[in-house]
Amino acid sequence: MKKGLKLIVVLLAAALTTGCSGPKYVNDGSNVYHSYWTFSFGTVRHELPDVDASSFRKVNSWLGRDKNHVYYEDKLVEGADPATLKAKKKPLCADSKDYYYKGEALHVADMGTFQVLRMDDSHLWAKDRQNVYFDNMTISGADVGTFQVIKPYEAKDRMHVYYFGKPLDGADPSTYTIMDGGYAKDNRHVWYYGKLVEGADAATFRAVGSDGSGMDKNARYKGCSKI
């Protein structure tokens, strides 16, 4: 390793181990803050709204509660019950009556059959016996029994393909295929990040690399546009 690069690595490691701290709650007796460290601004603190500092207890670094409320980081989780609160994998938590993703209620229809299909810091797919959920939205009309997640923002059931939780107009789930570079197609259509590529020939269309270029027997494309 070159000396200059080695020095940068050493300094970065030192900063991470001595100058940084993970997110945490700070209670000064009158107010409670969610605190975290950034390279750009150093320590950042956000005050929790309408908090009762005397009864506040942290659940973990991103979830807390007082006698009246639940907090996701510094956000008040409307309607959540602090007495029955349970932390799941971040950013999901639950109480006796509902689940909450990033501090927003899912309005789960059947708590006993609720299951996470896929979740990360960007998106949640979940279902219960009655409904399918994307982030904090219930997907109306989704078929629970055949529903499957394809990518973090794409899924399908026997009737529809879903892009960011909404049906992709005209898509055939039985022939829907994801390609490189943001493209997808079925036996009749081609899409680029959920937008129809007008005039593209689905039978011969293929992505060319991963930079949003594609081609069919008639033309070349960049994104949705012919070039």
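The values are calculated or read from the model by the stated rules, or taken from the named source; none is laboratory data. Just so it is clear, the structure is predicted and the values come from calculations on it, not from any experiment. Neighbour counts are summed over all protein chains in view; Cβ atoms, including those assigned to glycine, are modelled from backbone coordinates with ideal geometry. Heads up: the accessible areas ignore ligands, DNA and RNA and are worked out on the full protein's heavy atoms, side chains in. Shrake-Rupley method; radii C 1.70, N 1.55, O 1.52, S 1.80 Å.
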With respect to the numbered conditions (1) out of contact with any Asp or Glu (no Cβ under 7 Å at 6 or more places or on another chain); (2) buried (at least 16 other Cβ atoms within 10 Å of the Cβ), which one is the sole condition not fulfilled by residue 144?
-> (2)
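Within segment 67-80, is even one residue of a type in the set (Lys, Arg), more than 27 Å from residue 167 (Cβ to Cβ) and out of contact with any helix residue (DSSP H, G or I) (no Cβ under 9 Å at 6 or more places or on another chain)? Before the answer, list the steps.
Of segment 67-80, the ones of a type in the set (Lys, Arg) are 67, 75.
Filter once more, so that each one left must be more than 27 Å from residue 167 (Cβ to Cβ): 67, 75.
Filter once more, keeping what is out of contact with any helix residue (DSSP H, G or I) (no Cβ under 9 Å at 6 or more places or on another chain): 75.
The answer is yes; a qualifying residue exists.
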How many residues does segment 190-203 contain that are assigned to a loop (DSSP other than H, G, I, E, B), within 23 Å of residue 167 (Cβ to Cβ) and open to solvent by 50 Å² or more (accessible area, probe 1.4 Å)?
-> 3
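Scan segment 72-84 and tell me whether some residue there is in contact with a Pro (Cβ under 9 Å, 6 or more places away or on another chain) and either over 30 Å from residue 44 (Cβ atoms) or of a type in the set (A, V, I, L, M) (or both).
yes
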Name, by its number, the condition in (1) surrounded by 13 or more Cβ atoms within 10 Å (Cβ to Cβ); (2) farther than 25 Å from residue 163 by Cα; (3) aliphatic (A, V, I, L, M) that does not hold for residue 109.
-> (2)
Identity of the residue in segment 204-227, farther than 10 Å from residue 182 by Cα and either in contact (Cβ under 8 Å) with a residue 40 or more places away in the chain or of a type in the set (S, T, N, Q) (or both), that ends up most open to solvent (accessible area, probe 1.4 Å) | 218
Test residue 171 against the criterion of being open to solvent by less than 20 Å² (accessible area, probe 1.4 Å), among the hydrophobic types (A, V, I, L, M, F, W, C) and not in a strand (DSSP E or B), and give yes or no.
-> yes
What single numbered condition from (1) in contact with a Phe, Trp or Tyr (Cβ under 6 Å, 6 or more places away or on another chain); (2) touching a residue at least 24 places away in the same chain (Cβ under 8 Å) fails to hold for residue 53?
-> (1)
Quick one: which strands (runs of 3 or more DSSP E) lie wholly within segment 1-91 and hold at least 2 residues that are modelled with pLDDT of 95 or more and hydroxyl-bearing (Ser, Thr, Tyr)?
-> 32-38, 70-72
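Of 122, 140, which residue is in contact (Cβ under 8 Å) with a residue 12 or more places away in the chain, hydroxyl-bearing (Ser, Thr, Tyr) and assigned to a loop (DSSP other than H, G, I, E, B)? Write out each step before concluding.
Values: 140 fails: in contact (Cβ under 8 Å) with a residue 12 or more places away in the chain.
Being in contact (Cβ under 8 Å) with a residue 12 or more places away in the chain, hydroxyl-bearing (Ser, Thr, Tyr) and assigned to a loop (DSSP other than H, G, I, E, B) holds for just one of 122, 140, which is 122.
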